[in-house]
Each structure stands twice: as structure tokens, then as C-alpha cells.
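So the structure is just underneath, and the comments pick up after that.
The values are calculated or read from the model by the stated rules, or taken from the named source; none is laboratory data. Quantities reported herein were computed from a predicted structural model and do not represent experimental measurements. For neighbour counting, all protein chains shown are included, and Cβ atoms are generated from backbone atoms with ideal geometry for every residue, glycine included.
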Amino acid sequence: MRSNTRNRAVVGTLVGLGILGGATGLTVAQAAPAPQQAPQPPAAVIQQPVLSVDAATKAAQAALDAAEAKGQRVTVSIVDRAGNERVRLTGDGAGPQSGESAKRKAFTAVAWGKPTAELGKGITGDGPTLRDIPGTLFLGGGVPVTAGSPIAGIGVAGAPSADLDAEFANAGLQAIQAELR
């Protein structure tokens with residue numbers, strides 16, 4: 001008789017715990033939540049890739065390091081597709097005009113998807129030109145960052161020549177090139 005009473009007590013306890021668990025919402029099936037999928041944006045919303053702040057910082061630092069290795073005092077600007085500045089590094093002794101120039105070169109490069117040195121060569125003639133578009137600068141030193149399409153721009157300004165600015169911007173691009181594939 002004892003084993004029969006003991007069995008009833010164990011079964012009764014388990015049933016009671018099951019009822020209590022069900023009433024409080026605590027069940028074994030709920031112990032591990034199911035992975036949730038990210039909600040899909042509405043059809044009218046377009047998602048665009050953005051260069052991470054870590055990659056932008058890495059590129060900016062590489063460009064600044066390349067300039068400092070040659071004794072040049074520059075500012076490096078990384079902008080997103082819309083021209084919003086993500087990172088700016090101003091080297092010691094860089095001129096006050098170099099910040100705005102670097103940002104404008106970076107924006108010009110990403111807006112047209114080409115290095116600013118190439119873009120500047122094709123602008124000639126009297127009357128309005130691409131040079132008249134606000135926020136642009138068609139001097140060497142801006143390069144686009146692409147991941148299928150242009151997603152960011154790297155601009156460098158402050159060296160005594162546009163060729164040096166372009167060299168340093170390309171050093172920044174090379175530092176993150178493998179991460180873009």
C-alpha cells in the first residue's frame with residue numbers, strides 16, 4: 001500500500017506542477033525563445049548599405065598615417081552617400097581650410113562614384129558646370145568607397161599637391177578594401 005500511496009503523491013505533484021506552470025505561462029517549450037526574423041521594410045522603403053564607423057575610422061587613420069609618414073599635415077574626412085560626415089581626423093598642424101576641403105572632396109567622390117582627380121579633368125567651358133554644385137570640390141584627393149555601388153567617400157586635404165592628397169586617400173581605401181568584398 002505504501003508504494004501505491006507514494007506513486008499517487010508523485011503523480012499528484014507532477015500534475016500540480018504542470019497545472020501551475022500552464023497557469024503562469026512557464027513551460028518547458030518556452031525555455032528557449034524561437035529566433036525572430038528581422039521585420040521586412042515596407043515596399044516603399046529602400047535600404048542602402050552604409051560604411052561602418054569602424055571601417056571609416058580604419059580608413060581615415062590609414063590615410064592620416066600615410067600622410068604623416070611623408071611629413072604632411074592633412075585632414076581626412078569620410079562621408080556617407082548623402083555627404084554626412086562619419087569620421088574626421090585632423091592631423092597636428094593641418095591648415096584650418098583642410099577640414100572643409102576634405103569633406104567636399106569626399107562628397108564629390110561618392111556623389112559621382114569616381115576619384116575627384118578624374119572628375120576635375122573633364123570640366124571645361126564657360127557658363128555653369130559641375131563645379132557650381134554646392135558642397136563639391138573637383139581637386140584630387142577624393143576617392144569613392146564602393147560595395148556594388150558608391151557607399152562612402154574618402155577625402156584628404158592639406159598636402160601641397162592634389163597628387164599627394166589622392167595618394168593618401170587611396171591608402172585609406174586600400175586599408176579597408178578586403179572588408180568590402
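Just a few scattered comments:
- Checked against the criteria, G140 counts as surrounded by 11 or more Cβ atoms within 10 Å (Cβ to Cβ), among the small types (G, A, S) and either in the same structural domain as L173 (by TED's automatic domain parsing) or part of a strand (DSSP E or B) (or both).
- Taken together, the criteria exclude P96 from residues that are part of a loop (DSSP other than H, G, I, E, B), more than 29 Å from G120 (Cβ to Cβ) and out of contact with any Lys or Arg (no Cβ under 9 Å at 6 or more places or on another chain).
- Search result, residues across region 91-135 that are buried (at least 20 other Cβ atoms within 10 Å of the Cβ) and β-branched (V, I, T): T108, V110, T116
- Options V45, V79; residue that is crowded, with 19+ Cβ neighbours inside 10 Å and either aliphatic (A, V, I, L, M) or outside any loop (DSSP other than H, G, I, E, B) (or both): V79
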